[in-house]
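The values are calculated or read from the model by the stated rules, or taken from the named source; none is laboratory data. Not measured: the values here are computed from a predicted model. When we count neighbours, we look across all protein chains shown, and the Cβ atoms used for this are built from the backbone with ideal geometry, even at glycine. The protein model used for the area step is the full one, side chains on, heavy atoms only, and it has no ligands, DNA or RNA in it. Shrake-Rupley method; radii C 1.70, N 1.55, O 1.52, S 1.80 Å.
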Amino acid sequence: MEITKVTTIACPVATTSEEVPYTSTTFRSPNIEFTQKEHNTFQISAKDEHEMLNWNVNTVALPGTLPEHEKLVNYALKGFDVAALFISVCSNSNGSIQDMSLARKQNLEAFFFLLNIKLDKRTDVRIEYSYVGFYDTGCYDLRKEMDRTKESMIERGMEGIMKPAKLREIWENASRGTKWPSILVIKLTDVRKNTVGRIAVFDLLHPRFSPLLNSSSEKGYNSFQKLLGMIRALTDDGYEGELPTNSCFLTKEIEKYLIGRNKLTIFGYMNEKIVTDIHWRETKRLLQLMHSFYNMPVRMLPNPSAKEIFDNKNLKVLTKQIRQIKKTLQEKENEFQQFKEVRKEEIKYLERTIEFYKSKCESIIKLYESSLAESKERDEELVEVESKKQSMELQLEKKREEYLSLYEEHKRISERLQSRLLDVMDQLNQTDQELRKYKERDSIQSEYFNREIERRKRKHEEKEQSLKEEFELKKRKILEKAQAKLYSLKPIIEENEEKIEKYKELMNEQEEKNREQEEKNRELEKRIQELEEKIRESTVKLEDPPKQHITEEKQIQEEENKINRKRGRKSFRKE
């Protein structure tokens, strides 16, 4: 057993970049003092408004190689597990963040510098490592450059993804840094001394203590809050009860260093110059965290030897195999029991089936015997049926002959009817031909009537035109005579105005007569249209029998003669 304590180291970082301006005119930057006490411990003091604040730490030192680095390396080479926890608080300026990253890198480099010196040209020490960046919902394996789930990492731990490597390869990977909070574990196995030790570096970057400062860029905020809750429970003397740590990868890996079973060194990085109120509150929370671990006792037990670890691994493998074999045997036994039960059920089912078929066979035998007796009775009935069949066949033969004679007679009748039908068809064809002849003759007569009507129309129109021309000629002659009289009788015009008016009246009367003549002409046209309609009706009735057609033709001729007589009378009257 090794008895020691948790070491807290305050690392003030000077901002070498351009000065960061104060964000508030009311904020006054506190004057932080570092006072060395007895036993090489330090007290950090600062005045906060009207109150003086004090925090105790084990060491105040600038980043670089420190005696504490060498203690942790020596413990690991002796077969102990040790850890370094890096926490930094800085302003949000890029210069401050870069200065903090450089300071953390210097302390990390100190471990590799000491390991390189102590392991130089030693082939009996095997080096393995695992390097993981974590966030609230998962992890990223920085050695293999692949994502890992939070559940698998909680189950396997950092030990489950260890791989052998050289110290230079580990430093090249770790010195690049990462945007996530990270855990680096270096495992040292001394084959000659038969010891196994580990150095774990927990780099939490710039965690936010206050929930008001949480943002989407703080990927491990919830994990850090669970760590703070665990630390508060461990440093509170009055706390009793269960403390769950398996729900978070960070608390699962760091728990053995926080409970005093393994050596822990806390490196707290802070700016010498405080520029904002928020920056000052975060710095106070960091100093309070380090103060709560001040002189916390640690009682370390060395890790099992390499041989024990190897035996334990083999034992675990064997126990796992035994469990698997037992599980397989149990499954096989369960299967055998199920098979046995199934076979018993099958045997019972077969017995019931045999009994069923046995009873069924007995009933079938009885049925067979009864069917034999019935078949004998049926044979006798068949003999009777055969005799009846023969008599029926004779009767059928007679009936067939009768039907044949009837068929022959009907056939002769159908042939006579068919010949008569052909004669009727011939007569119909003859009548159709006659009808066609009548239709052709009627069509010729209808064409003659149409031509005659057209001729008479033209003749009437010519007469009407000649009458109009005669009227116009008489009109012109009268007008010419009137004009000649007017020119010759100008002095007498005034005396003969009454005669002119009478003459005008005569002209109006003549015009009225002309209008009456036009009305008579219209009536004549109507009569002609009626005649045309009757001719059309006569063409429709041409399909009737010849006698009826002749009578209608006579009627049309009589109508036409009447119209001609009427026209002759009218023309005579006009003349």
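How long are the semi-axes of the equivalent ellipsoid of region 46-115, defined as square roots of 5 times the Cα gyration tensor eigenvalues? Whole Å, largest first. Please report the intermediate quantities before stating the final value.
Details: eigenvalues 164, 67, 17 Å².
Each semi-axis is the square root of five times an eigenvalue, giving 29, 18, 9 Å.
Between region 424-469 and region 225-281, what's the alpha-carbon centroid distance in Å?
130 Å
Run through every distinct alpha carbon pair of region 120-171 and return the Kirkwood hydrodynamic radius in angstroms, one decimal place. Please report the intermediate quantities before stating the final value.
Working: mean 1/r = 0.0823 Å⁻¹.
Its Kirkwood hydrodynamic radius stands at 12.2 Å.
Take the alpha carbon gyration tensor of region 193-284, find the square roots of its eigenvalues, order them as a ≥ b ≥ c, and report rounded if a/c is under 1.5; if not, report prolate when a/b exceeds b/c, else oblate. Show your work: numbers first, answer last.
Details: a/c = 1.85, a/b = 1.47, b/c = 1.26.
Prolate shape, in that a/c is at least 1.5 and a/b is the bigger ratio.
Any idea of Lys474's accessible area? Nearest 10 Å², probe 1.4 Å.
Answer for Lys474: close to 130 Å² accessible.
Tell me, Kirkwood radius of region 70-154 from alpha-carbon pair distances, in Å?
Details: mean 1/r = 0.0632 Å⁻¹.
Roughly 15.8 Å, rounded to one decimal.
Using a 1.4 angstrom probe on the protein heavy atoms only, line up Tyr135, Tyr269, Tyr407, Tyr239 by accessible area, largest first. Could the numbers behind the result be given before it?
Values: Tyr135 55, Tyr269 0, Tyr407 130, Tyr239 95 Å².
Largest to smallest exposure gives the sequence Tyr407, Tyr239, Tyr135, Tyr269.
Would you tell me the accessible area of Cys90, worked out with a 1.4 angstrom probe on the heavy atoms of the protein chains, in Å² to the nearest 10?
10 Å²
Counting C-alpha atoms alone, how compact is region 353-447: give Rg to one decimal and Dmax as a whole number, in angstrom.
37.5, 110
Net charge within 10 Å of Asp190 by Cβ-Cβ distance, Lys/Arg positive one each and Asp/Glu negative one each, not counting Asp190 itself?
Numbers: positive: Lys78, Arg122, Arg126, Arg192, Lys193; negative: Asp124.
That sum, taken over residues with Cβ under 10 Å, equals +4.
Using modelled amide H (1.01 Å from N, peptide plane; none on Pro or chain starts), what sits under 5 Å from the amide H of Arg148, excluding residues fewer than 5 places away?
So Arg148 has HN proximity to Cys139, Tyr140, Asp141.
Viscosity 0.692 mPa s, temperature 37 °C: what is the translational diffusion coefficient of region 325-402 from Stokes-Einstein with a Kirkwood Rh over Cα pairs, rounded to a whole number of µm²/s? Could you put the intermediate results ahead of the total?
Numbers: Rh = 19.0 Å.
Answer, rounded: 173 µm²/s.
Excluding ligands and nucleic acids, what accessible area in Å² is computed for Glu345 using a 1.4 Å probe, to the nearest 10?
Surface accessible to solvent at Glu345 totals approximately 100 Å².
Between beta-carbons, use under 14 Å as the cut-off and find the net charge around Ser375, counting Lys and Arg +1, Asp and Glu -1.
Details: positive: Lys376, Arg378; negative: Glu369, Glu374, Glu377, Asp379, Glu380, Glu381.
Combined, the nearby Lys, Arg, Asp and Glu give -4.
Ordering Glu447, Glu128 by accessible area with a probe of 1.4 Å, largest first, what comes out?
Details: Glu447 100, Glu128 25 Å².
The ordering from most to least exposed comes out as Glu447, Glu128.
Give me the Kirkwood hydrodynamic radius of region 258-392 in Å, from all C-alpha pairs, to one decimal place? Present the calculation step by step, with values, prior to reporting the outcome.
On the way: mean 1/r = 0.0372 Å⁻¹.
This gives a value of 26.9 Å.
Using the eigenvalues of the Cα gyration tensor, what equivalent ellipsoid semi-axes result for region 161-244 when each is taken as the square root of five times the eigenvalue, whole Å, largest first? Could you put the intermediate results ahead of the total?
Values: eigenvalues 198, 96, 14 Å².
Over the Cα atoms of region 161-244, the ellipsoid semi-axes are 31, 22, 8 Å.
Under the Karplus relation 6.51 cos²θ - 1.76 cosθ + 1.60, θ = phi - 60°, what is the ordered set of whole-Hz ³J(HN,Hα) values for region 34-48, x standing for Gly and Pro?
Those phi angles translate into 10, 10, 7, 10, 5, 6, 6, 9, 10, 10, 9, 10, 7, 9, 10 Hz.
Hey, what's the Cα Rg ratio for region 172-211 versus the globular rule of thumb, 2.2 N^0.38 Å? Display every interim value, and only then the final one.
Numbers: Rg = 15.0 Å, N = 40, 2.2 N^0.38 = 8.9 Å.
Compactness ratio reported: 1.67.
Mind listing the phi-derived Karplus ³J(HN,Hα) values for region 338-350, rounded to whole Hz, using 6.51, -1.76 and 1.60 with θ = phi - 60°, and x for any glycine or proline?
4, 4, 4, 5, 4, 5, 4, 5, 5, 4, 4, 4, 5
If you average the C-alpha positions of region 165-211 and of region 331-391 separately, how far apart do those two centres end up, in angstrom?
Cα centroid of region 165-211 versus Cα centroid of region 331-391: 85 Å apart.
With a sphere of radius 13 Å drawn around the Cβ of Ile97, what net charge do the other residues whose Cβ falls strictly inside it have (Lys, Arg +1; Asp, Glu -1)? Show your work: numbers first, answer last.
Numbers: positive: Arg104, Lys105, Lys179; negative: Asp99.
Value of the local net charge: +2.
Give me a comma-separated list of calculated 3J(HN,Hα) values for region 252-259, in order, Karplus coefficients 6.51, -1.76, 1.60 applied at θ = phi - 60°, integers in Hz, x for any Gly or Pro.
Each residue of region 252-259 in turn: 5, 7, 9, 4, 5, 8, 7, 8 Hz.
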